[in-house]
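The structure appears right after this line, and notes come after that.
The values are calculated or read from the model by the stated rules, or taken from the named source; none is laboratory data. It should be emphasised that the depicted structure is a prediction, and the values quoted were computed from it without experimental measurement. Positions of Cβ are generated from backbone atoms using ideal geometry, with glycine treated the same way; all protein chains shown enter the neighbour counts. In case anyone asks, the SASA skips ligands and DNA or RNA and just uses the protein heavy atoms, side chains included. Shrake-Rupley method; radii C 1.70, N 1.55, O 1.52, S 1.80 Å.
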Amino acid sequence: MDIREQDYITEEDVKGLNFIRETHSLRYRRHFRQGLRSHIIEIISSSDIKKEKSGINIVDGIKRYPKARPIKMLRIFRRRFRDLNDALEEIQRVKIVEKYLSKSHMAISCEFLVHYRIHDKWDIMLCGLQDYVQGEILDPWGPLEDVYFRNIFKRMGLKANEIEGVVSTLIKSIEDFVDRTRDMILLGGHVPDLAGMGNLLITRDGNIRLVDINNISKVDFTSHIPLDDRGYPVCDKSIQALYLFEKNLLKRKIPPEDNIYKVYMEKSRLERVSEFERDFFISQP
């Protein structure tokens with residue numbers, strides 16, 4: 001079966017790919033957050049997996065079982081491409097995000113194209129080798145308040161006297177992220193998926209990082225509401241998420257003539273987007 005069509009893949013599926021070399025030093029494990037548009041695989045050192053399973057001695061026979069942390073994340077894109085130029089256009093969209101957000105606000109990924117052998121034929125497949133980011137989910141639709149962030153950093157294990165400073169750092173990081181994303185929309189003509197659960201992470205040092213770069217939309221400022229290949233209005237929902245960051249978290253006064261929101265936050269458009277969103281969730285199995 002074509003690996004792009006499988007709902008679930010195992011380590012053996014990954015090892016069976018024609019472009020994956022056999023090695024005893026690395027293991028492949030399905031990441032608990034899976035994207036609709038790609039398989040997400042953790043690449044982990046075999047020695048770290050062994051420690052996770054067998055434990056390491058601390059003192060007097062007491063063991064600790066440290067969770068193995070990925071070295072990199074392997075993304076196997078589900079999308080099929082018409083030809084090489086079609087695949088290169090997809091990579092170019094990722095480069096636009098990288099240009100505006102930089103490594104400070106995204107998990108940098110190295111995309112590569114391979115010949116995938118399936119049913120005795122060769123097909124173009126896009127993959128990405130991405131930096132691993134450890135953090136907690138930032139939900140744009142959640143309560144974007146200090147107590148919300150304080151609880152997140154408390155779960156991360158920060159001490160009470162550390163949390164206030166890190167929350168302040170986070171707010172500045174989100175402000176920079178918002179400004180860079182606005183530039184990407186107005187100057188680069190694209191917006192990444194900010195709406196999906198788990199696409200944005202808060203790191204322990206108080207930074208916001210975009211980790212899902214598979215669904216990048218073109219922004220055209222017309223009355224047309226674009227839908228992605230799954231039928232979801234991701235462009236509009238991403239701009240709505242950006243609006244929530246600006247209005248509810250950064251407490252900015254947004255003028256009616258704002259170049260982005262005067263189109264995307266118009267009342268009748270919001271109603272139509274809600275209808276598309278409802279239809280999308282109804283259609284899901």
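The magnitude of the dipole of region 149-210, with charges of +1 and -1 set on the Cβ of Lys/Arg and Asp/Glu and taken from the Cα centre, is near 300 debye.
Taking Cβ atoms as reference points and 15 Å as the exclusive limit, the residues near SER168 contribute a net charge of -3, counting Lys and Arg as +1 and Asp and Glu as -1. Of interest is the spacing of the C-alpha centroids, which for region 170-210 and region 18-87 amounts to 25 Å. For mean projected area of the Cα convex hull in nm², the value calculated from this model appears in [x] 16.2; [y] 18.1; [z] 13.4 under label [y]. Within the chain, which DSSP H helices have Cα atoms that stretch 27 Å or more along the helix axis and a mean Kyte-Doolittle hydropathy of at least -1.0? Span-like helices here: 160-186. Per residue, region 3-71 exposes 65 Å² of accessible surface when a 1.4 Å probe is rolled over the protein heavy atoms with every protein chain present. In region 136-285, Cα pairs under 8 Å separated by at least six residues give a relative contact order of 24 percent. Between TRP141, ILE96, GLN130, the Cα set farthest toward the positive side of the dipole of region 44-181 (charges on each charged residue's Cβ, about the Cα centre) is that of GLN130. Each 10 Å bin from zero holds the following percent of Cα-Cα pairs in region 130-191: 19, 42, 30, 9, 0.
Report the local net charge at HIS190: Lys and Arg +1, Asp and Glu -1, summed over other residues whose C-beta lies under 9 Å from its C-beta. With Lys, Arg at +1 and Asp, Glu at -1, the net is +2.
Along the axis of the charge dipole computed for region 1-64 (Cβ charges of +1 for Lys and Arg, -1 for Asp and Glu, origin at the Cα centre), the listed residues VAL14, HIS31, ILE3 are led at the positive end by HIS31.
Which value results for Rg/Rh of region 185-242 when Rg is the Cα radius of gyration and Rh the Kirkwood radius based on the inverse mean 1/r?
1.01
For region 151-285, a simple Cβ point-charge model (Lys and Arg +1, Asp and Glu -1, everything else neutral) yields a dipole of about 440 debye relative to the Cα centre. Normalised by the number of residues in region 1-135, the average gap of Cα pairs under 8 Å and 6 or more apart makes the relative contact order 22 percent. For the chain, the share of DSSP beta bridges that are antiparallel, to the nearest 5, is 95%. To the nearest 10, the accessible area of ASP123 is 40 Å² with a 1.4 Å probe. The distance linking region 94-159 with region 233-271 is 23 Å (Cα centroid to Cα centroid, whole angstrom). Ligands, DNA and RNA aside, GLU89 has an accessible area near 100 Å² when probed at 1.4 Å.
Surface listing: TYR28, TYR243 arranged by accessible area from highest to lowest gives TYR243, TYR28, probe 1.4 Å. Relative contact order for the chain: 14 percent, from Cα pairs under 8 Å spaced at least 6 residues apart, divided by residue count. Dipole magnitude for region 2-84: about 340 debye, using +1 per Lys or Arg Cβ and -1 per Asp or Glu Cβ, origin at the Cα centre. Under 5 Å from the amide H of VAL219 lie the amide H atoms of HIS190, VAL191, each residue being 5 or more positions distant or on a separate chain, with H modelled from the backbone and absent for Pro and chain starts.
As I understand it, the dipole of region 153-285 uses +1 on the Cβ of Lys and Arg and -1 on the Cβ of Asp and Glu, about the Cα centre. Which of ILE202, SER168, ASN215 lies farthest toward its positive end? It is SER168, whose Cα lies furthest towards the positive end. When a/c is below 1.5 the answer is rounded, else prolate if a/b is larger than b/c, else oblate, so apply that to region 153-227 with a ≥ b ≥ c taken from the square roots of the Cα gyration tensor eigenvalues. Prolate, because a/c is 1.5 or more and a/b exceeds b/c.
How big is region 33-189 by the Kirkwood estimate over distinct Cα pairs, in Å?
19.2 Å
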